[in-house]
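Data first, discussion second: the structure below is written as structure tokens.
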Amino acid sequence: MPTHLPDAVLNEPVGRHARTDYATLYPDRTVGEALDHMRRFPPPGRIIYFYVVDDQLRLVGVVPTRRLLLSPTDTLVRDIMIREVIAVPADATVLEACEFFTLHRLLAFPVVESGRRLVGVVDVELYAEELAETGDEAPPGAARDDLFQLIGVRLTRTQQTRPLRAFRGRFPWLLCNVAGGTLAAILAGFYEAELNWNHAVLALFIPVVLALAESVAIQSVTLALDGLRASPPTWGELGRRLRYEGATGLLLGAATGLLVAGMAAVWQGVPVLFLIVAGGIGLGVTGAAVCGLAVPYILRLLERNPHLAAGPIALTCADVLTLLAYFNLAKLLTP
């Protein structure tokens, strides 16, 4: 194995660098049978995880070493395996495989062909070797979190030196903003009568209503990304975090909505404007907080990079939700 990975290797299929000396288990064997088999036929390579396969070598689960060793010997392997396995496609590039390590913080990933057929394993050693070119950044005995951070630094630097790759990664998500802006214009057209009410007084407050919702959405996205760095996401955790963030968004929306609505009503001398602005900001900020937290978690759970996509998607959702709340309140409350 080379001391580091040259940039050209980063664009090669990861299957070329996958280890084939991985340890496999069969789901219908007991833990005792699996351990006895491994004692008689020791796996040739380093064991990080045990991969559970069927008769066609299709990946059906993974068993951490500790779980296998501590489970009762009469337990079936299928009963202790993790069924939702994060796997790297064999045609993914080494650079794309790096993202799996920085996103999920596991020590190894199975490499699969179409149909989930297991063809190899890549572990963190391949990427740790690459850090040799970062010099003092990778001290001997570095903690695991530090190692992943260094891999992330290297990955970011590599992407920043490839403008076309950076463009392909970032441009599609900016289309969300284009679509959101277009949708906002269409919504404004649908509610033209409300916008013309009282010399377009509602239009005066659209910028501040949107700005508050977008600011809260960005705050929530930032907090979500920090949380994702601390621990891997689960759907259950997402539900708990959404309840907390929704309550926080409601408090933020109520406070800012009442403040802006009070000034708007006094300035324009229109009492109903208080209800429209307060309600629009309150609903918009609450929705923006929920979207800002949910989008990064959902992207990560779908194995996408939230750092590129979360901001544009969350802002677009915040804008659309806020305008819908604002315009529909105006339609409901104005003559």
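Of everything in segment 70-88 that is in contact (Cβ under 8 Å) with a residue 24 or more places away in the chain and either closer than 30 Å to N11 by Cβ or among the small types (G, A, S) (or both), the residue that is surrounded by the fewest Cβ atoms within 10 Å (Cβ to Cβ) is I86. Can you tell me which residues in segment 247-270 are more than 16 Å from A325 (Cα to Cα), small (G, A, S) and at pLDDT 85 or above? Across segment 247-270, the qualifying residues are A247, A255, G262. Considering (1) more than 19 Å from Y26 (Cα to Cα); (2) touching an Asp or Glu at 6+ places or on another chain (Cβ under 9 Å); (3) at pLDDT 75 or above, the lone condition that V153 does not fulfil carries the number (3). Any chance segment 49-64 includes a residue that's assigned by TED's automatic domain parsing to the domain that holds E125, assigned to a loop (DSSP other than H, G, I, E, B) and either in contact with a helix residue (DSSP H, G or I) (Cβ under 6 Å, 6 or more places away or on another chain) or charged (D, E, K, R) (or both)? Yes - at least one qualifying residue is present in segment 49-64. P233 fulfils the conditions (1) part of a helix (DSSP H, G or I); (2) under 16 Å from L299 (Cβ atoms); (3) out of contact with any His (no Cβ under 9 Å at 6 or more places or on another chain) except for a single criterion, (1). Select from segment 101-124 the residues that are touching a residue at least 60 places away in the same chain (Cβ under 8 Å) and in contact with a Leu (Cβ under 9 Å, 6 or more places away or on another chain) and write down the one among them that is farthest from T234 (Cα to Cα). The selected residue is V119. Can you pull out the residues in segment 20-43 that are in a helix (DSSP H, G or I) and surrounded by fewer than 12 Cβ atoms within 10 Å (Cβ to Cβ)? Once the filter is applied, which keeps residues that are in a helix (DSSP H, G or I) and surrounded by fewer than 12 Cβ atoms within 10 Å (Cβ to Cβ), segment 20-43 yields R39, R40. Taking the stated definitions as given, is R67 surrounded by 15 or more Cβ atoms within 10 Å (Cβ to Cβ), in the same structural domain as L118 (by TED's automatic domain parsing) and of a type in the set (D, E, K, R)? It is true that R67 is surrounded by 15 or more Cβ atoms within 10 Å (Cβ to Cβ), in the same structural domain as L118 (by TED's automatic domain parsing) and of a type in the set (D, E, K, R).
The values are calculated or read from the model by the stated rules, or taken from the named source; none is laboratory data. Given the structure is predicted, the values throughout are model-derived calculations rather than measurements. Neighbour counts run over all protein chains shown; Cβ positions are idealised from the backbone, glycine included.
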